[in-house]
């Protein structure tokens, strides 16, 4: 006997999902927008999107017999998150690594469905690790509407949504699209620090702080660093200014009062930006576990810390930045030079660093810092 849609929803809610909707398994018209985005190079270094575009556009090419998508969402709204003493962290990365806890919930739902009679292996899903356009599936199923920021806004829970999905061979009745639009509001476009939202519903990832602090490897574009401010990992500006963010029941829920998986990771209270700048491989592997911030890599985290310190302009960070001029990682050396140029461009160690530097990119960074003396 086929499982009823109401039972699917009940099981999903039992597994910890606030929003459960049914829709097509393919991205529909969003697929062409995705191809156009790739064609314009707006994905930056995220080559895995280009490499998997055929699978993304046609899920039935790798999941035979798929009929429907069970779109799932968890509200993670909450207060601003940051390291001790400063260094903002995107709210979704403040707690336990969502790749783990959200995947656990998706897989728990799959097991529950199989126990109810859904054929074993007929569902495939995950969270931010499956070749699908998650936001497209969320919009097509009615989880929310597509915002001008290209995020998904739930009319009942707002924009702070962690998305997951199960692709299934079940023929589920598709839900209606979510009610609501951004209307005439352009708050996210107006507030974006780097102008990454180039038009309604269009984001150039190469300018987005969430990309430059997480996905980008190597040197950040000099013209984007000042706009990064003290953002250490990710950026929430387009969500913070959204009028719908007040819809989240968790928006003012702090600390231990938050759901277990969303409680602040110990790193936030234990580490400062200066500590991160000095982060060695051993501590990265032993202490920076269970957090989505590892996605940026140790080099990227240290780079981000240097930029944030430079923007904060705190002279107490100078000893750590000066020490970083000797680091074996050229990315760290280069961004430390940039930060020193923001705080104390006349420091004599900048001249010494330029005299010994053999990496061409780092040498250019030091020269820019020296030039700021004028």
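State all residues of segment 45-61 that are more than 23 Å from the chain's Cα centre (by Cα), surrounded by 11 or more Cβ atoms within 10 Å (Cβ to Cβ) and farther than 17 Å from residue 166 by Cβ; if no residue qualifies, say none.
58, 61 - these are the residues of segment 45-61 that are more than 23 Å from the chain's Cα centre (by Cα), surrounded by 11 or more Cβ atoms within 10 Å (Cβ to Cβ) and farther than 17 Å from residue 166 by Cβ.
Based on what the data block shows, is residue 196 under 19 Å from the mean Cα position of the chain (by Cα) and in contact (Cβ under 8 Å) with a residue 12 or more places away in the chain?
Considered against the rule, which asks whether it is under 19 Å from the mean Cα position of the chain (by Cα) and in contact (Cβ under 8 Å) with a residue 12 or more places away in the chain, residue 196 comes out as yes.
Count, please, the residues in segment 287-343 that happen to be on the phi > 0 side of the Ramachandran plot and in contact (Cβ under 8 Å) with a residue 40 or more places away in the chain.
Summing the residues that are on the phi > 0 side of the Ramachandran plot and in contact (Cβ under 8 Å) with a residue 40 or more places away in the chain in segment 287-343 gives 2.
So which helices (runs of 4 or more DSSP H) are wholly in segment 31-138 and hold at least 2 residues that are under 30 Å from residue 263 (Cα atoms)?
Result: 98-115.
For residue 175, which of the numbered conditions (1) in the same structural domain as residue 52 (by TED's automatic domain parsing); (2) surrounded by fewer than 24 Cβ atoms within 10 Å (Cβ to Cβ); (3) at pLDDT 95 or above fails to hold?
Here residue 175 clears every test but (1).
Select from segment 111-123 the residues that are surrounded by 20 or more Cβ atoms within 10 Å (Cβ to Cβ) and either under 18 Å from residue 24 (Cβ atoms) or modelled with pLDDT of 95 or more (or both) and list them in ascending order.
Scanning segment 111-123 gives 113, 123.
Checking residue 162 against (1) assigned to a strand (DSSP E or B); (2) within 23 Å of residue 4 (Cα to Cα), only one condition comes out false. Which one?
(2)
If residue 359 passes every condition in (1) out of contact with any strand residue (DSSP E or B) (no Cβ under 9 Å at 6 or more places or on another chain); (2) modelled with pLDDT of 95 or more; (3) closer than 19 Å to residue 229 by Cβ but one, which one does it miss?
It is condition (3) that residue 359 fails.
List the pairs whose first member sits in segment 351-363 and is loosely packed, with under 13 Cβ neighbours inside 10 Å, whose second member is in a helix (DSSP H, G or I), and whose Cβ atoms are under 8 Å apart, counting only residues at least 6 apart or on separate chains?
Filtered contacts from segment 351-363: 351/370.
Can you find, within segment 62-87, the residue that is surrounded by the fewest Cβ atoms within 10 Å (Cβ to Cβ) among those that are touching a helix residue (DSSP H, G or I) at 6+ places or on another chain (Cβ under 6 Å) and at pLDDT below 95?
Within segment 62-87, the match that is surrounded by the fewest Cβ atoms within 10 Å (Cβ to Cβ) is 62.
With the condition kept exactly as written, say whether any residue in segment 170-189 is closer than 29 Å to residue 311 by Cα and touching a helix residue (DSSP H, G or I) at 6+ places or on another chain (Cβ under 6 Å).
Yes: segment 170-189 contains one or more residues that are closer than 29 Å to residue 311 by Cα and touching a helix residue (DSSP H, G or I) at 6+ places or on another chain (Cβ under 6 Å).
Looking only at segment 219-230, which residues are assigned to a loop (DSSP other than H, G, I, E, B) and either touching a strand residue (DSSP E or B) at 6+ places or on another chain (Cβ under 6 Å) or in contact (Cβ under 8 Å) with a residue 24 or more places away in the chain (or both)?
219, 220, 229, 230
Which of the residues belonging to segment 331-350 are farther than 21 Å from residue 298 by Cα and either surrounded by 13 or more Cβ atoms within 10 Å (Cβ to Cβ) or touching a strand residue (DSSP E or B) at 6+ places or on another chain (Cβ under 6 Å) (or both)?
Correct list: 341, 342, 343, 344, 345, 347, 349, 350.
Being more than 28 Å from residue 70 (Cβ to Cβ) and touching a strand residue (DSSP E or B) at 6+ places or on another chain (Cβ under 8 Å) is the filter here; which residues of segment 176-192 pass it?
188, 189
At least 2 residues that are under 21 Å from residue 100 (Cβ atoms) in each: list the helices (runs of 4 or more DSSP H) lying fully within segment 231-331 that qualify.
266-270, 281-287, 297-312
The values are calculated or read from the model by the stated rules, or taken from the named source; none is laboratory data. Predicted model only: the values in this text are computed from it and were never measured. Here the Cβ is made from the backbone with ideal geometry for all residues, glycine too, and neighbour counts use every protein chain on show.
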